[in-house]
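Below is one structure, written out as structure tokens; the observations come after it.
The values are calculated or read from the model by the stated rules, or taken from the named source; none is laboratory data. What you are looking at is a predicted structure, and each value in this text was computed from that prediction instead of being measured. Backbone-built Cβ (ideal geometry, glycine too); neighbour counts: all protein chains shown.
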Amino acid sequence: MTDIASNSKIWLKAYPEDVPPEVETDKFNSLLDMFEFSCEKYADKVAYISMGRTITYSQLDKKARCFAAYLQNVLKVKKVLV
């Protein structure tokens, strides 16, 4: 990585060694596919940390599914196929 690239992406210094700096987007058909893959593969790993609280990918998946159900069943948001 060049000095310019490393200076513009200073967060990469905080990545664990086994985390690649780029996401392989070609192996997924959608953001949803990538999210579901990550939730399954990293289920017990921390997905999010904020204000001293953490949630795992498994917990994040459950919360996302509950939110989607709320949008569809309570607010009557319809799926849009693109």
Practice task
Can you give me the number of residues within the range 43-82 that are at pLDDT below 95 and of a type in the set (F, W, Y)?
Solution key: 1
Exercise for the section: Working only within the range 56-77, note down all residues that are more than 19 Å from the chain's Cα centre (by Cα) and of a type in the set (F, W, Y). Expected result: Y70
Fill in the blank from the handout: Of the residues in the range 12-34 that are over 22 Å from R65 (Cβ atoms) and assigned to a helix (DSSP H, G or I), the one that is farthest from the chain's Cα centre (by Cα) is K13
Practice task
Filter the range 40-74 for residues that are surrounded by 13 or more Cβ atoms within 10 Å (Cβ to Cβ) and either acidic (D, E) or touching a Pro at 6+ places or on another chain (Cβ under 9 Å) (or both) and give the result.
Solution key: D61
